Amino acid sequence: MVVKAFLAPKYLFPNFAHHGNVRSASCKIRSRSSVASMGSSTAAAKHVQYAALPYRLRGKSRTEVMLVTSRETRRWIIPKGWPQMGKAPHVSAAREAFEEAGVVGAVGKRSVGSFPYQKRLKNGVVTVCEVHVFPLRVRRQSKQWPEKEQREVKWLSAKDAAKTVKEPMLSEIIRRLAHETVD
């Protein structure tokens with residue numbers, strides 16, 4: 001299945017291909033059956049989360065991506081969380097990036113893609129979350145932030161970050177970001 005994903009404004013990614021005033025890219029997403037195959041108890045309930053993809057440019061051709069560890073399993077992920085009442089999705093994503101990684105920067109108002117993942121809720125139930133990803137060009141990292149003691153944070157080349165994360169669609173989003181910010 002191919003879905004159109006609208007990309008960030010041109011001022012954030014000046015080298016993205018664009019058509020008129022709308023910039024878009026096609027990306028493959030999992031079919032319903034492959035999401036269902038993530039576990040029969042997870043297919044029925046689907047929740048939305050918003051994530052920031054923190055990145056910076058090193059030199060003229062190297063994009064680096066910041067990853068953080070999850071609190072429970074310690075796997076490498078991008079900052080993400082639940083929607084915040086009364087806040088736009090990109091604002092929620094930027095807030096998660098600050099809370100989880102202490103980063104501040106320019107966040108794109110449009111999602112650069114989405115990916116599904118299984119989340120274990122506090123009550124033990126596993127559900128499928130669809131995570132909408134917003135690019136965040138990092139300007140600075142604070143010395144202190146709310147979850148600093150609960151997570152590890154590291155910068156990786158986009159290529160290494162794409163290999164490190166476990167979600168295939170997130171890997172593709174990272175690869176696309178790196179490719180389109182340096183072309």
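Listed values, structure above:
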item: Test: Arg110 is in contact with a Phe, Trp or Tyr (Cβ under 8 Å, 6 or more places away or on another chain) and basic (Lys, Arg); result: yes
item: Among (1) out of contact with any Lys or Arg (no Cβ under 9 Å at 6 or more places or on another chain); (2) assigned to a loop (DSSP other than H, G, I, E, B); (3) within 20 Å of Arg74 (Cα to Cα) - the single one Lys166 does not satisfy; result: (1)
item: Pairs with Cβ under 8 Å, 6+ apart, first in the range 47-61 and touching a residue at least 24 places away in the same chain (Cβ under 8 Å), second hydroxyl-bearing (Ser, Thr, Tyr); result: His47/Thr127; Tyr50/Ser92; Tyr55/Thr63; Tyr55/Thr181; Arg56/Thr63; Leu57/Thr63; Leu57/Thr181
item: Any hit, the range 174-182, residues being in contact with an Asp or Glu (Cβ under 9 Å, 6 or more places away or on another chain) and at pLDDT 95 or above; result: no
item: In the range 83-103, the residues that are more than 18 Å from Ser114 (Cβ to Cβ) and part of a helix (DSSP H, G or I); result: Arg95, Phe98, Glu99, Glu100, Ala101
item: Selection status of Ala106, touching a strand residue (DSSP E or B) at 6+ places or on another chain (Cβ under 9 Å), of a type in the set (A, V, I, L, M, F, W, C) and crowded, with 20+ Cβ neighbours inside 10 Å; result: no
item: Condition broken by Lys166, with the remaining ones in (1) surrounded by fewer than 14 Cβ atoms within 10 Å (Cβ to Cβ); (2) more than 17 Å from Tyr117 (Cβ to Cβ) satisfied; result: (2)
item: Checklist (1) assigned to a loop (DSSP other than H, G, I, E, B); (2) of a type in the set (D, E, K, R); (3) under 14 Å from Val68 (Cα atoms) applied to Lys122, failing item; result: (3)
item: Residue ID - surrounded by the most Cβ atoms within 10 Å (Cβ to Cβ), chosen from residues in the range 145-163 that are closer than 14 Å to Ile77 by Cβ and acidic (Asp, Glu); result: Glu147
item: Sole residue being in contact (Cβ under 8 Å) with a residue 60 or more places away in the chain and closer than 15 Å to Arg56 by Cβ, chosen from Lys109, Lys166, Lys154; result: Lys154
item: Candidate set from the range 109-144 (those that are over 14 Å from His90 (Cβ atoms) and touching a helix residue (DSSP H, G or I) at 6+ places or on another chain (Cβ under 6 Å)); member that is surrounded by the most Cβ atoms within 10 Å (Cβ to Cβ); result: Phe115
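The values are calculated or read from the model by the stated rules, or taken from the named source; none is laboratory data. This one's a predicted model, so the numbers in the text were calculated from it and none came from an experiment. With ideal geometry, Cβ positions are generated from the backbone for all residues, glycine too; neighbour counts draw on all protein chains shown.
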